[in-house]
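The structure appears right after this line, and notes come after that.
A short reminder: the numbers here are calculations on the coordinates, not readings from a lab. Everything numeric in this text was worked out from a predicted model, so none of it was measured. In this analysis, Cβ positions are derived from the backbone assuming ideal geometry, glycine residues included, and neighbour counts consider all displayed protein chains.
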Amino acid sequence: MAWTNKVLRVNLTEGTLRYEPLNQEWVKDYLGQRGLGTRYLVDEVDPEVDALSPENKMIFATGPLTGTAASTSARYSVITKSPLTGAIACSNSGGFFGPELKFAGLDMVIFEGKSPTPVYLYIENDEAKLLPADDIWGKSVWEADEILHKAHHDPQLRVAAVGRAAESGCLYAAIVNDLHRAAGRSGVGTVMASKNLKAIAVRGTKGISNIKDPKRFMASTAQEKEVLAENAVTGTGLPALGTQVLMNVINEIGAMPTRNMQDVQFEGASKISGEAMLEPRESDGKPNLTTNAGCFGCTIACGRISTVDTSHFSVKDKPQYHHNSGGLEYEAAWALGSDTCVDDLDAATYVNFLCNEDGMDPITLGSTIAAAMELFEKGAITTEHTGGVELEFGSPQSLVWCAEQVVAATEFGKDLGLGSKRLCEKYGMPDLSMTVKGQEFPAYDPRGIQGMGLAYATSNRGACHLRGYTVASEVLGIPEKTDPLVSEGKAGLVIAFQDATAAVDSAGLCLFTTFAWGMDNIAPQIDSACEGDWSVERLLEVGERIWNMERDFNLKAGLTGADDNLPKRLLKDVAKTGPAKGRVSELDVMLPEYYELRGWDSTGVPTDDTRQRLSLA
Amino acid sequence: MQKSLYLDADKCTGCKQCELACSFERDGSFNPIKSSIQIFTFHEAGRFVPYTCTQCDDAWCMTACPVDAITINTATGAKEVNEATCVGCKVCTIACPFGTINYNTDTGKVTKCDLCGGDPQCVTACPTDAITYVEADATGFSRMKEWAAKTDNAQSAA
Ligand code: SF4
């Protein structure tokens with residue numbers, strides 16, 4: 001079985017809670033987590049609603065393998081309509097919170113409406129209740145976590161919460177669980193705060209004991225853990241350097257977005273790299289990285305646990321940051337580092353702490369600060385707006401100041417909290433926003449990795465690396481090497497990655513397993529745990545169906561094929577250095593082929609045949 | 001030859017695969033609370049520490065049990081709970097100075113590590129060798145070897 005078959009529905013407006021069985025018909029077509037959660041959302045939410053209105057809903061969904069002995073079984077997703085993009089939002093997180101929901105007997109929690117006063121949801125196995133959040137509203141995630149643990153006298157409690165950024169309306173607020181794991185992108189935290197919901201605290205001791213074929217499941221998961229252990233990326237690179245293993249690699253191939261994506265290589269990359277995190281500091285002889293860490297069930301353990309140098313200007317007078325917490329992942333290091341041209345590892349680590357402490361997406365935060373720096377460079381933002389502070393590329397002081405403004409929700413901080421699209425529009429230079437569908441790019445410049453340009457343009461949640469990570473093929477040669485500078489053949493590659501990813505995201509597993517696992521490694525684990533036959537073919541069909549369902553939601557929300565686009569900078573301004581020198585993104589060549597292979601018409605709308613083939617509602 | 005579990009917190013990543021393997025072996029479920037080995041996270045220190053029963057020779061739990069439900073497995077040296085005899089009085093949970101024997105509300109009996117009859121599943125499950133099953137008389141040898149390397153002048157000069 002592997003699903004608990006139980007959904008908790010919380011009506012925040014009425015303050016009522018009710019349990020219902022999981023829709024088994026949908027399970028067959030959408031598996032779990034991302035797919036199934038989205039199926040519920042599209043059924044219940046009008047795509048045209050204002051994302052921050054009570055009419056929007058928010059779904060916390062686990063996958064069938066969440067909480068099991070399969071490696072990386074930590075995942076859950078938050079599905080809602082995004083206030084940042086106006087498109088579907090589905091943000092995935094690890095840590096320990098998702099499995100705890102499962103152990104409490106829940107596949108999903110659906111939130112509806114808006115509470116009249118701040119509340120949090122407390123779940124202890126079969127008992128759930130909404131409790132007043134007066135003493136945690138206005139507090140950071142870290143404070144709220146501590147207060148809730150004390151209030152419930154339970155060190156094992158797992159908490160997912162929003163911080164002050166979400167409360168003050170920052171449009172890229174994250175939901176942070178277990179202190180430093182986040183459903184980070186697209187402003188899912190902003191939606192949560194808009195419902196006056198501060199946190200979910202869960203304790204589950206029921207466990208999972210309904211695996212279809214436990215013996216086969218244990219044998220299959222054990223075998224696949226070996227595959228992860230023996231693979232160079234998942235067995236060696238990621239545990240040693242985390243995702244930061246990529247910093248120097250991507251810089252070398254000339255795909256490192258730098259200076260608000262004006263450049264594709266950053267001269268300071270090595271100073272903020274995974275390797276740099278291992279170097280002993282001058283001040284105390286300790287490296288930035290204390291240890292690697294695993295999420296629940298994860299045998300890769302790419303997580304970084306780090307400290308900031310206590311003598312660094314950012315924390316010198318703030319002893320509350322003189323301890324370990326979640327350190328820099330590659331995406332945070334890039335956005336807070338190379339995009340702002342800041343090569344100060346401690347400044348980036350401190351701002352990353354702030355992102356965890358108060359729930360902000362570090363990619364959008366960093367890119368928005370980088371956009372503000374360029375607006376400052378071009379004179380659109382002046383010291384009059386900033387109260388005298390200069391915003392300069394390369395200045396760690398500027399970076400830290402900006403991040404602190406967002407948390408404190410000062411007037412300028414609120415501008416930064418809009419994200420780069422609205423910020424650049426407000427200051428009259430919309431072309432400086434490096435976004436797709438209003439969401440900022442991750443760490444791969446599409447001029448240097450052609451497939452990623454198409455993946456970004458067509459991503460259902462705006463620019464994102466976690467919807468079709470062709471970097472695996474184009475840079476790392478997984479499953480086979482393709483030339484990153486060539487656009488030919490990339491439409492098919494992007495589609496294959498997008499569909500497989502949607503299936504993995506619906507299982508409860510981490511996408512990082514796919515550096516080592518193909519669908520033929522994943523399918524037997526799902527098949528031995530779950531009712532029904534889960535072949536590779538069926539999983540890929542599920543993935544394709546999910547992709548089209550998300551697309552359909554977006555089209556109904558008012559997006560069109562015209563939104564499958566990239567900023568002019570990436571289409572017109574050539575890469576200045578590196579292997580991609582002289583190139584732009586060849587999106588115009590790839591997109592029509594992509595539509596055709598997807599079975600969409602020339603405007604990007606799925607044809608009736610495609611809808612029928614996938615039995616889309 | 002008797003063997004002991006050897007726990008090395010420096011290698012632990014906090015993934016809880018050991019807890020899953022243990023609860024599956026003991027209870028047929030994936031449920032950390034049912035695991036006899038537990039991982040403790042010290043977040044601010046950046047430490048993950050596995051902890052379980054060390055199988056004391058002169059075991060407090062065994063001595064305290066009023067119905068002799070805890071006996072020694074002579075092959076493995078494990079102190080094992082005989083569920084049929086256990087009356088669930090929990091005296092052993094008070095007697096154990098380390099807290100490694102616990103009550104199970106589902107069965108009404110106590111539960112503790114029994115070394116899985118000589119094939120500890122946590123050891124197999126651990127991806128980092130933070131838990132190993134080694135000769136009981138030589139549990140310190142790997143740590144001795146690390147220090148030997150550090151104090152070896154010839155090697156550090158090289
Ligand atoms: S399986 Fe090993 S690494 Fe994972 S928590 Fe247990 S002891 Fe630590």
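Summary of values
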| quantity | calculated |
| --- | --- |
| Ascending count of other beta-carbon atoms within 10 Å, so fewest first, for B:THR54, A:THR243, A:THR85, A:THR221 | B:THR54, A:THR243, A:THR221, A:THR85 |
| At 1.306 mPa s and 10 °C, Stokes diffusion of segment B:85-154 via Kirkwood alpha-carbon radius, µm² per second | 103 µm²/s |
| Spherically averaged projected area in nm², based on the convex hull that wraps the Cα atoms of segment A:480-519 | 3.1 nm² |
| Alpha carbon convex hull of segment A:207-350, volume per residue in cubic angstrom | 143 Å³ |
| Charge dipole magnitude, Cβ of K and R +1, D and E -1 - segment A:449-613, Cα centre, debye nearest 20 | 860 debye |
| Between segment A:191-216 and segment A:394-427, the alpha-carbon center distance in angstrom | 35 Å |
| Number of Lys pairs (Cα under 26 Å; 8 or more positions apart or on different chains) in segment B:1-122 | 20 |
| A:GLU44-A:SER209 FRET efficiency (beta carbon distance; Förster radius 22 Å; 0.05 resolution) | 0.10 |
| Alpha-carbon radius of gyration plus Dmax, which is the widest Cα pair, for segment B:17-64 in Å | 13.4, 38 |
| Stokes-Einstein translational diffusion, segment A:151-203 - Kirkwood Rh over all Cα pairs, 1.306 mPa s, 10 °C, in µm²/s | 143 µm²/s |
| Cα centroid separation - segment A:51-113 against segment A:474-493, whole Å | 31 Å |
| Nitroxide proxy distance, nm - points 7 Å out along Cα→Cβ at B:ASP68 and A:ASP135 | 5.2 nm |
| Ascending count of other beta-carbon atoms within 10 Å, so fewest first, for A:SER186, A:SER115 | A:SER115, A:SER186 |
| Contour minus Cα-Cα distance for A:HIS152 and A:ASP431 (0.36 nm per residue) | 95.5 nm |
| Cβ-derived FRET efficiency at R0 41 Å, A:LYS572 paired with B:PHE42, nearest 0.05 | 0.20 |
| Separation in nanometres of the label points that stand 7 Å from Cα toward Cβ, at A:GLU279 and B:ALA136 | 5.1 nm |
| Alpha carbon Rg of segment A:156-257, scaled by the compact-globule rule 2.2 N^0.38 Å | 1.53 |
| Diffusion constant of the protein assembly as shown at 25 °C, which comes from Stokes-Einstein with the Kirkwood Cα-pair radius and 0.890 mPa s, µm²/s | 92 µm²/s |
| Theoretical ellipticity at 222 nm over the protein assembly as shown - DSSP helices of four or more residues, -39500 (n - 2.57) apiece, nearest 500 | -9500 deg cm²/dmol |
| Using a Förster distance of 51 Å, the FRET efficiency for A:LYS378-A:GLU124 (Cβ separation, nearest 0.05) | 0.40 |
| Inter-chain Cβ neighbour average for residues A:296-306, partner chain, 10 Å | 5 |
| Computed over segment B:3-157, the ratio Rg/Rh where both radii use C-alpha atoms and Rh is Kirkwood | 1.03 |
| Segment A:428-541 - Debye-derived log10 I(q)/I(0), Cα point model, q = 0.18, 0.20 Å⁻¹ | -0.90, -1.05 |
| Value of relative contact order over chain A, rounded to a whole percent, pairs C-alpha under 8 Å and six or more apart | 16 percent |
| Share of pairwise Cα separations in segment A:514-617, more than 24 Å, in percent | 48 percent |
| Residues in segment A:1-41 that a label on A:GLU531 would reach, taking backbone N under 18 Å of a point 7 Å out along Cα→Cβ | A:1-8, A:20-33, A:36-37 |
| Cα-centre dipole for the protein assembly as shown with unit charges at Cβ (Lys and Arg positive, Asp and Glu negative), debye to 20 | 720 debye |
| Intensity falloff of segment A:258-433 expressed as log10 I(q)/I(0), Debye formula with alpha-carbon point scatterers, at q = 0.08, 0.10, 0.15, 0.18 Å⁻¹ | -0.24, -0.37, -0.81, -1.12 |
| Rg followed by Dmax, in Å, when segment A:7-203 is reduced to its Cα trace | 15.0, 43 |
| Full-extension gain in nm, A:THR236 to A:VAL486, via 0.36 nm per residue minus C-alpha separation | 87.1 nm |
| Three principal axis lengths of segment A:101-203 [C-alpha, angstrom, descending] | 33, 27, 26 |
| Mean separation of Cα contacts under 8 Å (6+ apart) over length of segment A:222-348, as relative contact order % | 27 percent |
